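We did not get these values from a lab; they are worked out from the coordinates using the rules stated. These numbers come from a predicted model, not from an experiment. Reconstructed Cβ throughout: ideal geometry from the backbone, glycine too, with neighbour counts over all protein chains shown.
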Amino acid sequence: MMSNRSSVSNQRPRFILIGGFLGAGKSTTVARLARHYTDQGKRVGIVTNDQAPDLVDTHVLRQQGFDVGEVAGACFCCSFNELTDVIAAMGRDVMPDVILAEPVGSCTDLVATVIRPLAAEYGMPLDIAPYGVLLKPAHGQKILGNRPRRGFSPKAEYIFEKQIEESDFVVINRIDQLSSQDVEELEQALHDRFPDRPVLRMSARTGEGFAAYIQYLEQSGQFARNVIDVDYDVYAEGEAELGWLNAQMTVRAAQALDLDGLILELVQELQTHIGQTEAEIAHLKAIGMSDGNYAVANAISSATASELSLPSRAGTTAADVVVNARVAIDPAELERVVRACIDRVASRGGFEATIGTLQSFRPGRPVPTHRLP
């Protein structure tokens, strides 16, 4: 049963972990949740997570004025002490009323390695919210529907399915991009595979279904108790299937550039040339920042069109650009494609692009700091 009162408390910060695969819409959901609780007069802290620094999500949320801490270099489970350090730093003056945490999208087993250890090991009590996992339709339709040419190996699909298995409830996100029939089929596939899992429908971008999502998160009781059996060999191999790339560069031009057009063109160029390698995109993001303006573009799969998700409507002669790519491809090949695409877009646009940092790698084997069964 749902409680009619909010569980958010000034004494015990409400800890909300937003799960879901790469490209499920977690960062958009985090931003909407943060605005919701801020509008209620609550203090909100956000913790983002990535296998390397220069995370687009962190830049986007900070540009929107939120207090954001980042755990970079490994997932929450493998950097548990850094996670607790970030939370403690947020509460150095006044502890937030709500802590929103966005884990790496290729991680699972978070109930046993993050949520339960936080409750048992962390010095300050946290009020743990129900653990909801966002379903990414582009891959949910392929994986749960057993379609051919699903894009990932069974080992990568294993992670996708384990994320749902350990959830308290599942949210079909991005329903604004789906037909009613697609939504019905996805929900039926979830009920067939996970019959005891409540399913919500939502668009984090438009806000449709968001009130029901909030209502689930504000339930009181014992949650995040679905500790699952995980084969860490399969898990590690599935995660290592993805090539990971984070790049930061500066753009300079003699005449003003359309920042939105530049960022969207870069993502479209990357999606096109990654597609020529027949590699599946898990998520591809880019942000351009200039004088307080920022533009974000992304592609959430190989078959889904690139989009400008946050327009800046700004012109500029100088900008900082960050690119995050998660693709089922060898990291060296991914780096080659990204560098070549940057050069082509710069040449066509008549501007100079200077890469400051670029990391491309496969995630290492997950080794949790704690695992409480």
Residue exposure sequence - 196, 127 - by fewest surrounding Cβ within 10 Å: 196, 127
Trypsin sites (Lys or Arg not before Pro) lying in DSSP loop within segment 274-373, provided at most 10 other Cβ fall within 10 Å: 313
Segment 10-86 and segment 257-293: distance between their alpha carbon centers, rounded to Å: 23 Å
Sorted by Cβ neighbour density within 10 Å, fewest at the top, the residues 283, 191: 191, 283
Prolate/oblate/rounded call for segment 210-342, Cα gyration tensor, a/c under 1.5 rounded: oblate
Inverse of mean 1/r across different Cα pairs in segment 11-152, Kirkwood, Å: 15.7 Å
370, 36 arranged by Cβ crowding within 10 Å, fewest neighbours leading: 370, 36
Fraction of antiparallel bridges per DSSP, the chain only, in percent to nearest 5: 60 percent
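Need one word for segment 200-265: rounded, prolate or oblate. Basis is the Cα gyration tensor (sqrt eigenvalues a ≥ b ≥ c); a/c below 1.5 gives rounded, then a/b vs b/c decides.
Oblate, because a/c is 1.5 or more while a/b does not exceed b/c.
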From phi via Karplus (6.51, -1.76, 1.60), per-residue ³J(HN,Hα) for segment 170-179 in Hz, x at Gly/Pro: 10, 10, 6, 8, 6, 5, 5, 9, 10, 6
Restricting segment 34-111 to trypsin sites (Lys or Arg not before Pro) in coil, as DSSP defines it, with at most 12 other Cβ within 10 Å: 92
